[in-house]
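Beneath this line is the structure, given in structure tokens, with notes to follow.
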Amino acid sequence: MNTKQFKLFTMSSVLVLALLGISQIAGADDEIQMIFKAGDLSLQKWLLADKPPVPKHNYPSHERIELGKKLFFDPRISRDGNMSCATCHSPMFGWGDGLPLGVGYKGKILGRASPVVTNTAYNSIQMWDGRKRDLEDQATGPMEASVEMNTDMHAITKLFSNSGYKKLFDKAYPGEKVGPATAAKAIASFEWTILSNDSPFDNWVRGDETAMTKQQINGFKLFVDSDKGNCSVCHSAPNFTDNGFHNVGLKAYGEKNPDMGRYVQKPIRVLKGAFKTPTLRDITLSAPYFHNGEASTLMQVMDHYNKGGVTKKDLSPNIKEIKLDKQESEDIVAFMQALTTPPVPFDLPILPLD
Amino acid sequence: MKYMNILIALSLFLFSNTGFAEEHTVGQKNKAFSVKQIKIKKGDVIHFENQDPFFHNVYSLSDSTTFDLGSFPKGESKSVTFNTPGTIPVECAIHPNMYMEVIVE
């Protein structure tokens, strides 16, 4: 096909698609033309794998997942015996805590929101500031932090030696020393199972034309259009995060001594006040939003981005005023509502007492 | 004859690469560097070119070669001269999965 034929072919394709009422837009995160038709090949990059990558040194066996689940819900891990992982990462709040800022040891209000656990196993970097590489590494963080669980490591090793836990550890990690590090691996295995990858949007991408409403499809178009929502520049396929760091211009960054975020880990100018892009999957279950809970609703989030952020100092170069009208903002919110996998009943574990 | 030899020697110097820095281009496309590793000579220059439709950064915090090229959009490039031998890790601060190594010989 020569250049003239190619141009003719392209123009014809656009005309045919236009006649069929199907539009195509180059995504904000890449230049591949997307065709907004259920099941279209161009959309498939938005589907997550059924299971996240398997950690090289911690295969998530059934025994490890079951042990990790008990540990995740066991408040005795914290120094005061009143705070489990699930206190801040609760299935009742979309694996977050429903609070603007996390609450730690002795009720101390922490500096950042509790990040949701959902789909973190798909991510290549953990925590709001990326200071942990994987879930195994991350799981010990809150235990070690004096302002969070403030765990007495000697006491939990004793707890793990009770006959119930000992049996579970022996099954899950035969021959390995029982202690905080093994517990962290088991917790990571459990977190590996906390997934959202079967939402109405996923079904629409797979080919179910009825899975999303017209408004939600329009919201998706706006979401990926770099001249409109420009959302996918950061909330990119397939987990709606680029595993990247951006200063999105929150109000709090304009205050005295703001949280510098990723910059503390990597002193590079563009990282001043930058935080990791959170996934948007199951986003309706985990309000409030942003790393400090600054927005209560998704419409407030849209208002924030319509203005291109509040604090312009050190603003990410990938953030701009998107200036959508009310209907367009509502369409994107409707689309984000299609990213929630319908919750299924969750069985709480029985914890070993002795 | 003497002048002829000088002329030949001068030509060889001028037209050979010996003693001259080479220039290399590394692209940033689909949130990845176009190469994972590149071997260059001391004094060579690498042009980092953003080919993605959004901003990237390029930096290194290695002991021997520290730089931060800031952020730049599609179509723009920024350059670094590598003057110290060694293996230099290079990353995009915005997208930390973007990682490569420059081996300076």
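Summary table
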| item | result |
| --- | --- |
| Relative contact order of the stretch A:62-191, defined on C-alpha pairs under 8 angstrom at six or more residues apart (%) | 32 percent |
| The stretch A:231-354, Cα convex hull volume normalised per residue, Å³ | 159 Å³ |
| Exposure proxy ranking, count of Cβ atoms within 10 Å, fewest first, for A:Tyr253, A:Tyr263 | A:Tyr263, A:Tyr253 |
| The stretch A:115-213: trypsin sites (Lys or Arg not before Pro) falling in loop per DSSP and having at most 11 other Cβ within 10 Å | A:Lys177 |
| Antiparallel DSSP beta bridges within the protein assembly as shown, as percent of all bridges there, nearest 5 | 70 percent |
| Between helix A:180-191 and chain A: long-axis angle, C-alpha atoms, 0 to 90°, nearest 10 | 40 degrees |
| Volume in Å³ per residue [convex hull over Cα atoms, computed for the stretch A:62-191] | 102 Å³ |
| Hull-based mean projected area of chain A, where the convex hull spans the alpha carbons, in square nanometres | 20.4 nm² |
| Enclosed volume per residue, in Å³, of the convex hull spanned by Cα atoms of the stretch B:21-104 | 71 Å³ |
| Antiparallel DSSP beta bridges within the stretch B:21-104, as percent of all bridges there, nearest 5 | 65 percent |
| The stretch A:184-295: C-alpha gyration tensor shape, a/c 1.5 cut-off, then a/b vs b/c | oblate |
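Each reported figure results from applying straightforward, stated rules to the coordinates on display, with no laboratory input. Computed from a predicted model, the values in this text were never measured in an experiment. Quick reminder, even Gly has a Cβ in these numbers, built from the backbone with ideal geometry, and neighbours come from all protein chains shown.
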